[in-house]
Amino acid sequence: MEAAALNQLNKIRDWTIKTAEGLADDTANIQPEGFNNTIKWHLGHIITETEYFLFELAGHNGRIPPEYNRFFGPGTRPSEWREEGPLLGDLAEVLKSQVERMNQIKPEDLSVQLKESQHDFESLADSAAFSALHEALHLGQIKAMKRIVLSGKTKL
């Protein structure tokens, strides 16, 4: 079961990276009508939340730029940013570097209990399963937004 969870994380991250690499900055920065965020925000949010669910809850120090939480944490929006966020290419590189760290997690590590229960997660396996689900949900939003933006049927 634990190896399957790690395989799921890798599969969804591979899809996310391929999607990110297939985008242009102007496409990623458009907020389509009816959406609260941009594609770039979703990519950054995936990064920040993966960092939290896979590493910080397990007691490891975060390794992403500290400003990512300010740009991409829960409840943030690009429309409220006071400065330019990271470049799309930078986000793609961080997605890749997180994969390298994700692949250092051994299946037996997933059975380790968290220091304290967070979000009803008791073990790293709980947190990892949610992380894969979370990323898949945001990737679905990214793909929907990309179709809308590229169709030209959106307001800027």
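No value in this document is a laboratory result; all are computed from the given coordinates. Here the structure is a predicted model, which means the values were calculated and not measured. Every residue, glycine as well, gets a Cβ built from its backbone with ideal geometry; the counts of neighbours run over all protein chains shown.
With contacts taken as Cα pairs under 8 Å at a separation of at least 6 residues, region 10-156 carries a relative contact order of 37 percent. Tell me the net charge near residue 115. Cut-off is 12 Å between Cβ atoms, residue 115 excluded, with +1 for each Lys or Arg and -1 for each Asp or Glu. So the surrounding residues net to -3. For region 78-149, the Kirkwood hydrodynamic radius from C-alpha pairs, put into Stokes-Einstein at 20 °C and a viscosity of 1.002 mPa s, yields a diffusion coefficient of 143 µm² per second. What is the helix-to-structure angle for 2-21, meaning the angle in degrees between its Cα long axis and the longest Cα principal axis of the chain, kept from 0 to 90 and rounded to the nearest 10? Approximately 20 degrees, to the nearest ten. The residue list 89, 145, 68 was ranked by how far each Cα lies along the charge dipole of the chain toward its positive end, using unit charges on Cβ atoms, and 145 comes out on top. The three principal axes of the C-alpha atoms in region 34-80 carry coordinate ranges of 37, 17, 15 Å, sorted with the longest axis first. Once you divide the Cα radius of gyration of the chain by 2.2 N^0.38 Å, the number left is 1.05. Its Cα centre serving as origin, the chain has a Cβ charge dipole (Lys and Arg +1, Asp and Glu -1) of approximately 600 debye.
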